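A short write-up of the structure that comes next.
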Amino acid sequence: MKLSFAILLVFVGGATGAIARELLMLFVPTLSHGFPLDILVANVIASLLIGFSTARHNRKVTNDGWHLMVTTGIAGGLSTFSSFTYATSVLMKASMTGALVAAAYVLISLVMGYVAVIIGMKIGGMREERSPHS
Amino acid sequence: MSAADVMLVGLGGGLGSVLRWWIGRLVGERYKGHFPLGTFLINISGSLVIGYLSVLFNVDWDNRHGHGMVLNALVITGVLGGYTTFSSMQLDAARLAAGQHARLAAFYLLLSVAAGLLAALAGAALAGVQD
């Protein structure tokens, strides 16, 4: 793959993922006590996607370019670590309740993100039903 | 939020993702250990910068429609969101665990969160000092 093409794939995927995250931030409400549900949803969906895409690439269902665009681009752009840590730090500093919400947010994000990768890999690792036309 | 904001987020997200990919390649060429150093360095540096810039831009986390909306869309949601990654961190951890490095996987996740949190706090403190 040419370097310029690889850069283009990562850029297009990253832009798509970031816009999807922005739309999630608009439509998914922040829960009571400031629990950042929008970022959690973005991170869990991206984890599911990266596991799924990686398993399919491992099975050689998808080529290197597609894999680069989906995992490094879309999943990487959709998920965010900086907003995750910053939101946690703001909650922590706010109040005692905020600190508890922050702890719950970190724990839930880590567990759900990890489980999402495993589930994504399982689904991506399944063989497709053979289509009746082939 | 306007169509222009969506464009800014897309532009920033694309640029941040390319930067992440590029740094990941550079680190990968130099460091061959099991620890996912590239993603770790990316996430911690991104956390430091978001803490610093959020205070600098005076971003009110509950009201994203106030002052600094353009910079917020382009730099914070776009560039920093695209640059840092939660999904690659989880994939790295799952790969380590599958390769009989479960303890390193747990250590990596906990260290990432602890260091990222400290970096975000340090970034905010740095910006506060300059006011």
Next item on the list: Inspect all residues belonging to the range A:103-116 and state whether any of them is farther than 18 Å from B:Asn43 by Cβ and at pLDDT below 95.
Entry: no
Next item on the list: Filter the range B:1-20 for residues that are in contact with a Leu (Cβ under 8 Å, 6 or more places away or on another chain) and at pLDDT 95 or above and give the result.
Entry: B:Leu8, B:Val9, B:Leu11, B:Gly12, B:Gly16
Next item on the list: Could you pull out the residue among A:Leu8, A:Leu26, A:Leu49, A:Leu40 that is part of a helix (DSSP H, G or I), within 11 Å of chain B (Cβ to nearest Cβ) and surrounded by 22 or more Cβ atoms within 10 Å (Cβ to Cβ)?
Entry: A:Leu49
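Give the residues of the range B:85-103 that are among the small types (Gly, Ala, Ser) and either assigned to a helix (DSSP H, G or I) or closer than 26 Å to A:Ala15 by Cβ (or both), sorted by residue number. Walk me through it before giving the result.
Taking the range B:85-103 first, the residues among the small types (Gly, Ala, Ser) are B:87-88, B:93-94, B:97-99, B:102.
Once the filter is applied, which keeps residues that are among the small types (Gly, Ala, Ser) and either assigned to a helix (DSSP H, G or I) or closer than 26 Å to A:Ala15 by Cβ (or both), the range B:85-103 yields B:Ser87, B:Ser88, B:Ala93, B:Ala94, B:Ala97, B:Ala98, B:Ala102.
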Item checked: the range B:106-130 residues that are of a type in the set (Phe, Trp, Tyr), paired with ones that are surrounded by 14 or more Cβ atoms within 10 Å (Cβ to Cβ) (beta carbon under 7 Å, 6 or more apart) -> B:Tyr108/B:Phe35; B:Tyr108/B:Pro36; B:Tyr108/B:Asp92; B:Tyr108/B:Ala93; B:Tyr108/B:Leu96
Margin query: Can you say whether A:Val90 is hydrophobic (A, V, I, L, M, F, W, C), within 7 Å of chain B (Cβ to nearest Cβ) and assigned to a helix (DSSP H, G or I), as far as the supplied structure shows?
Written below: yes
Notebook entry, point to check: For the range A:99-124, how many residues are under 21 Å from B:Phe107 (Cβ atoms) and away from every other protein chain (no Cβ under 11 Å)?
Noted result: 1
Item checked: Hits in the range B:21-48 (condition: in contact with a Leu (Cβ under 8 Å, 6 or more places away or on another chain) and surrounded by fewer than 21 Cβ atoms within 10 Å (Cβ to Cβ)) -> B:Ile23, B:Val27, B:Tyr31, B:His34, B:Phe35, B:Phe40
Note to self: Just to check your reading of the model, which residue among A:Thr54, A:Thr80 is closer than 21 Å to B:Ile50 by Cβ, at the interface with another protein chain (Cβ under 7 Å from one of its Cβ atoms) and among the β-branched types (Val, Ile, Thr)?
What the structure shows: A:Thr80
Note to self: Take B:Gly14 and tell me if it is surrounded by 15 or more Cβ atoms within 10 Å (Cβ to Cβ), more than 24 Å from A:Thr30 (Cβ to Cβ) and of a type outside the set (Asp, Glu).
What the structure shows: yes
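The values are calculated or read from the model by the stated rules, or taken from the named source; none is laboratory data. None of the values given here were measured: they were computed from a predicted structure. Cβ sites come from the backbone with ideal geometry, for glycine too, and all protein chains shown count toward neighbours.
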